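Okay, so here's the structure we're looking at.
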Amino acid sequence: MKRALTVIFLSLLASQLLAQKSSIEANSREDLLAKLGVPTVYVLPQFEECHIYYKDGSMVRSILNVCAFDNSVRFINGKDTLKLRSIDNVDCILSEQRKFVNRGGAVLEVLREGADYVLAERKRLKISEPKQDSGYGAVPASSSAKTAANDDYSIHESHSYGFLVSVGYSVSYDYYLVSPDSEPIRSRKSSFIKAFPKLKEGINSVVKSRKIDFDKKEDVVWLYDYCLSVL
């Protein structure tokens, strides 16, 4: 019985974490990012000790994570969670099992690596404008809740939401082909052909036959692996 309950609990937890759209109720001055929780707000399931490799060849270790809300790198400093300010000087970040690269002003997780282009993913968290709960007072006109979707949202800032509001949020993923010396290019048939020009005919064929969806992880990973396998 205990085992069955454990399985049910884990299944419900997995379903909750995989939800792409949902909403939460927030009270006045409540920290939305903290309330949403690390698995939703960040890329790694928890803050981990990582190696940060800088473009000048130096390296430092830090307990950090990548924030999906503003694509910032945030690290633990005592009891505080702070943004890494020198992100423009970062080349890549390695956790125990995952790798991130900083290209074109974006921190992207490497899914596959080979040839001249790597396949990378960006997790995005979007927070919508709060809606007033009819049973509570109105949101003040001066409330910063209306700016909650801006990239300058800080995990430590206090925001006035009135008394109680419903805040919608969504999690999505973008996929990119990334080379060492150019801007990341969004995953599309044209970008795969640009990355693998000798495979143009084959890419056209498999994209059509398999009905590749360039916004689905399993599809873009399959196509990338196909391209490497026939080079």
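The values are calculated or read from the model by the stated rules, or taken from the named source; none is laboratory data. Owing to the predicted nature of the structure, the values given are computational and were not obtained by experimental measurement. Cβ: placed from backbone, ideal geometry, glycine included. Neighbour counts: every protein chain shown.
Key figures
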{"read-out": "Output for region 189-207, where each listed residue is surrounded by fewer than 17 Cβ atoms within 10 Å (Cβ to Cβ) and in contact (Cβ under 8 Å) with a residue 24 or more places away in the chain", "value": "Lys189, Lys198, Gly202"}
{"read-out": "Failed condition for Thr147, given (1) out of contact with any helix residue (DSSP H, G or I) (no Cβ under 7 Å at 6 or more places or on another chain); (2) surrounded by fewer than 18 Cβ atoms within 10 Å (Cβ to Cβ); (3) at pLDDT 95 or above; (4) of a type in the set (Val, Ile, Thr)", "value": "(3)"}
{"read-out": "Region 176-186, subset surrounded by 14 or more Cβ atoms within 10 Å (Cβ to Cβ) and touching a residue at least 60 places away in the same chain (Cβ under 8 Å), residue nearest to Leu32 (Cα to Cα)", "value": "Tyr176"}
{"read-out": "Segments classed as strands (runs of 3 or more DSSP E), wholly inside region 9-76, with at least 3 members that are out of contact with any Pro (no Cβ under 9 Å at 6 or more places or on another chain) and modelled with pLDDT of 95 or more", "value": "48-54, 59-66"}
